[in-house]
Amino acid sequence: MPFPSQAPDFFPGYPSFNSYLMYNVSMLRQITTVSTKGQFVIPSEMRASLGIGPGTRIAVTQDGSRIVLEPVSEELVDKTRGLFSGKPSLSEALKRERRRKKDRW
């Protein structure tokens, strides 16, 4: 049996099987139902494999028509840290506005 890197190209004109061997893709899909409050249950196998427990914070991102859920970890915090740096601070603008209103009284 040939090594995976020597696998024949069975479908000429399409990306070869070899190009997919370097990725370890594992995807699990389960169906869950949204409650009237907008809540749903993450299946226990998924929670266990991702280390999600009571109190775990989840980042919710809309990606086109998809919803992506990611447990908030130090790695995610590091990836997003400084995302809005250099942009005007909304909290500072709010503080300035409140000071202006206070001075008017």
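The values are calculated or read from the model by the stated rules, or taken from the named source; none is laboratory data. Just so it is clear, the model here is predicted, and its values are computed rather than measured. Note that we place each Cβ from the backbone using ideal geometry, even for glycine, and neighbour counts take in every protein chain shown.
Details
- When residues of the range 45-69 are limited to those that are of a type in the set (Gly, Ala, Ser) and surrounded by 10 or more Cβ atoms within 10 Å (Cβ to Cβ), the one farthest from the chain's Cα centre (by Cα): Ala48
- Considering the range 82-100, and only residues there that are assigned to a loop (DSSP other than H, G, I, E, B) and either touching a strand residue (DSSP E or B) at 6+ places or on another chain (Cβ under 8 Å) or surrounded by 10 or more Cβ atoms within 10 Å (Cβ to Cβ) (or both), the residue that is modelled with the lowest pLDDT turns out to be Phe84.
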